[in-house]
Amino acid sequence: MDNEIRRILISGATGYVADQMLPTFRDRYETVLVDTRKENRRGESVQGVHIADLIDPDRSKYSQLFAGVDAVVHLAYKRRTGDPLDQFQDEKQNVEMAYNVLRASYEAGVSRVVMASSNHAADWYEHALIHKRQIDLVEPYDLPLSDNFYGWAKATYEHLGFIFASGGMGKGGDGAAGSAATGNLLQGNLNTSRKMGVVMIRIGAPRELETNEYKGQPAAFKRDLGAYISRRDITQLFQKGMEAHDIENEYGIPWQVVYGISDNTRAFWSLASAREALGYEPEDDSELKFADGVRELLSDHGRVGPL
């Protein structure tokens, strides 16, 4: 194993995404499973789940779960409710949970956190530009811009992760922070604390595409063909997110943002950072996997890419 990952903690362990990866991860690692319930979406009990509310600011209630853990996979998420303008409070709690997970991981000496971000962290580009063919591809390090609070929260996860990876959380200097005498105005607190490795995975569409759901909606089908990620590809991507030995970016910060999709013919998000930083080698292509649906739904819409 590249990064000697033996024991991992998975938050949101009874959720939809975790369900796809758990069989492989249970075989490969010692797992600590955390969620607010013990049943998955099918109503089946998931063995070994610790019940904990990671939104709770009192981290002493669950910090012991992070002890001795080599890597954390953060998938837990509180569903938003209400009208779009009212969803800030729910998403603010998700940001607080992400902070608690990063903080508990950092204080426990965890070497790597792999966190479920989302394509929605930069979904403005898709909504406004991609499907109008004003651009062809969204890169992982384009400025994350979203037109909704869900995407805003995911982009905020990414920035939080950068803070914990940057090594700037020590006191620095020998005086008050920000004092000109300490040099902090020029360098802040850089290199005053441990740099924890953080990988943010902007998950696409981790579900099988049922042709019947797209009847009369060729544009939606094309979009999801581009966004699709298979069970084995998402498992590989999170695994490599944990195990890749060197994830430093060009500035020496162990922090990466990668898109989570398969090797799709109609992709409109770049896999460059996933391939280069993590060694991701996706095995599936939605164009082949759902070829019957492509023939049935897109016979009159032959252009590659979104409508």
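Computed from the coordinates by the stated procedures, all read-outs in this text should not be read as laboratory data. All values derive from a computational prediction rather than experimental measurement. For neighbour counting, all protein chains shown are included, and Cβ atoms are generated from backbone atoms with ideal geometry for every residue, glycine included.
Relative to the present Cα-Cα distance, how much length would full extension add between GLU208 and ARG6 at 0.36 nm per residue of separation?
69.7 nm
Between (i) 0.93; (ii) 1.04; (iii) 1.41, which matches Cα Rg over 2.2 N^0.38 Å calculated for the structure shown?
(ii)
Please sort 107-115, 255-263, 71-79, 55-63 by packing, taking for each peptide the average over its residues of neighbouring beta carbons within 10 angstrom, highest first.
Packing proxy ranking, top to bottom: 255-263, 71-79, 107-115, 55-63.
Give me the percent of DSSP beta bridges within the chain that run antiparallel, rounded to the nearest 5.
Expressed as a percentage, antiparallel bridges in the chain total about 5.
Going by how many other Cβ atoms sit within 10 Å of their own, how do PHE88, PHE221 line up, fewest first?
Lowest count first: PHE88, PHE221.
Across the stretch 69-81, in residue order, what do the Karplus-derived ³J(HN,Hα) couplings come to in whole Hz, using 6.51 cos²θ - 1.76 cosθ + 1.60 with θ = phi - 60° and x for Gly and Pro?
Once θ is set to phi - 60°, the couplings for the stretch 69-81 become 8, 8, 8, 10, 10, 9, 10, 4, 7, 8, 5, 7, 9 Hz.
Kindly write out, for the stretch 116-129 in residue order, the coupling ³J(HN,Hα) from the Karplus curve 6.51 cos²θ - 1.76 cosθ + 1.60 (θ = phi - 60°), rounded to whole Hz, with x marking Gly and Pro.
Those phi angles translate into 6, 8, 7, 4, 6, 4, 9, 6, 4, 4, 5, 4, 9, 10 Hz.
Along Cα→Cβ, 7 Å out, is where each label goes; now give me the distance between the ones at ASN249 and ALA219 in nm to one decimal.
3.3 nm
Amide H neighbours of ASP147 under 5 Å, counting only residues 5+ apart in sequence or on other chains, H built in-plane at 1.01 Å?
Here ASP123, TRP124 satisfy the definition.
I need to check one value: relative contact order of the chain, counting alpha carbon pairs closer than 8 Å and at least 6 residues apart, in percent.
Once normalised by length, the contact order is 16 percent.
State the extension gain, in nm to one decimal, for the chain segment bounded by ASP83 and ARG232, taking 0.36 nm per residue of separation less the distance between their alpha-carbons.
Here the answer is 50.1 nm.
Is any residue of the stretch 77-100 close enough, with backbone N under 12 Å, to a label point placed 7 angstrom from the Cα of HIS127 along the Cα-Cβ axis, and if so, which?
What the label zone holds, given the 12 Å backbone N cut-off, is 84-85.
Take LEU298, LEU225 and order them by how many other Cβ atoms sit within 10 Å, fewest up front.
LEU298, LEU225
Helix 16-28 sits at what angle to the longest principal axis of the chain, using alpha carbons and giving 0 to 90 degrees rounded to 10?
For helix 16-28, the angle is close to 70 degrees.
To the nearest 10 degrees, how steeply does helix 231-243 sit against the main Cα axis of the chain, on a 0 to 90 scale?
Helix 231-243 and the main axis of the chain meet at about 20 degrees.
Please arrange TRP124, TRP269 by counting, for each residue, the other beta carbons lying within 10 Å of its beta carbon, fewest first.
TRP124, TRP269
Report the calculated FRET efficiency for PHE162 and ALA67 (r = Cβ-Cβ distance, R0 = 25 Å), to the nearest 0.05.
0.50
Rounded to the nearest 0.05, what FRET efficiency do ILE51 and THR24 have when you use their Cβ-Cβ distance and R0 = 35 Å?
Rounded to the nearest 0.05, the efficiency is 0.90.
What does the extension gain come out to for LEU145 and GLU276, with contour length at 0.36 nm per residue minus their alpha carbon separation?
That pair, LEU145 and GLU276, stretches by 44.8 nm at full extension.
Across the stretch 213-223, in residue order, what do the Karplus-derived ³J(HN,Hα) couplings come to in whole Hz, using 6.51 cos²θ - 1.76 cosθ + 1.60 with θ = phi - 60° and x for Gly and Pro?
Per-residue couplings from phi come out as 6, 10, 4, x, 10, x, 5, 5, 5, 4, 4 Hz.
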